[in-house]
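Step one of this worksheet: look at the structure below.
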Amino acid sequence: LAPDNYCMIYDVRPKACSEFPHTNRKDFHKISNLTMKNVTICPAAFNIVEEMKKRMP
């Protein structure tokens, strides 16, 4: 992180970073354990999971 708390390598960041929180994967259901960990630290992942819960029967 730069002194201003922004990523200095944002344009060339690793794939894992650019895809975080991994909610747009085709096989999203296969990484549910990772998703549940991400929910605790990522508001976007949390909101996606909450919306999914609303749509479940």
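The values are calculated or read from the model by the stated rules, or taken from the named source; none is laboratory data. None of the values given here were measured: they were computed from a predicted structure. Cβ placement follows ideal geometry from the backbone for every residue including glycine, while neighbour counts extend to all protein chains displayed. Please note that ligands, DNA and RNA were not included when accessible areas were found on the heavy atoms of the full protein model with its side chains. Shrake-Rupley method; radii C 1.70, N 1.55, O 1.52, S 1.80 Å.
If you go through segment 44-54 one residue at a time, do you hit one that is without any contact (Cβ under 8 Å) to a residue 40 or more places away in the chain and on the phi > 0 side of the Ramachandran plot?
Narrowing segment 44-54 to residues without any contact (Cβ under 8 Å) to a residue 40 or more places away in the chain: 44-54.
Still in the running and on the phi > 0 side of the Ramachandran plot: none.
No, segment 44-54 contains no residue that is without any contact (Cβ under 8 Å) to a residue 40 or more places away in the chain and on the phi > 0 side of the Ramachandran plot.
Between a residue in segment 1-30 that is under 14 Å from residue 44 (Cβ atoms) and any residue that is open to solvent by 100 Å² or more (accessible area, probe 1.4 Å) and at pLDDT below 90, which pairs come within a Cβ distance under 6 Å, given they are 6 or more apart or on different chains? Qualifying pairs under 6 Å: none.
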